[in-house]
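Scroll down for the structure; my scribbles are underneath it.
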Amino acid sequence: MPDHINIHHPDSRAKYRRERLAIEELRAKVSTLESFLFDAESDLEAIFTRIERGDEVELHMPSGAVFVVTGKARK
């Protein structure tokens, strides 16, 4: 009995590579978004901790505007 050999058409491998590349690109995007989210959470935590202590916090916006937030307790 002759050996059985499966011959794959080159297009099927190209499709697999394209799909794999798309998956890897999506993973990279998710990783980047998770990193931005972690940084934002850390920034907010630091801001609210300082406000809670009663410290002044300067928020520097990308537009160049600066907002000063004071952490005074309400009566």
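The values are calculated or read from the model by the stated rules, or taken from the named source; none is laboratory data. All figures in this text were calculated on a predicted structure; none of them were measured in a lab. Neighbour counts run over all protein chains shown; Cβ positions are idealised from the backbone, glycine included. What goes into the accessible areas is simple: the full protein's heavy atoms, side chains included, and nothing from ligands, DNA or RNA. Shrake-Rupley method; radii C 1.70, N 1.55, O 1.52, S 1.80 Å.
Table: residues versus (1) open to solvent by 100 Å² or more (accessible area, probe 1.4 Å); (2) modelled with pLDDT under 90.
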| site | (1), (2) |
| --- | --- |
| 26 | yes, no |
| 41 | yes, no |
| 44 | no, no |
| 61 | no, no |
| 74 | yes, yes |
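Would you check if residue 50 is in contact with a Gly (Cβ under 7 Å, 6 or more places away or on another chain) and of a type in the set (D, E, K, R)?
Answer is yes for this residue.
In the condition set (1) modelled with pLDDT of 90 or more; (2) not in a strand (DSSP E or B), residue 6 is compliant with all but (1). Does residue 67 satisfy being exposed (fewer than 10 other Cβ atoms within 10 Å of the Cβ), at pLDDT 90 or above and not in a loop (DSSP other than H, G, I, E, B)? So residue 67 fits the description; yes.
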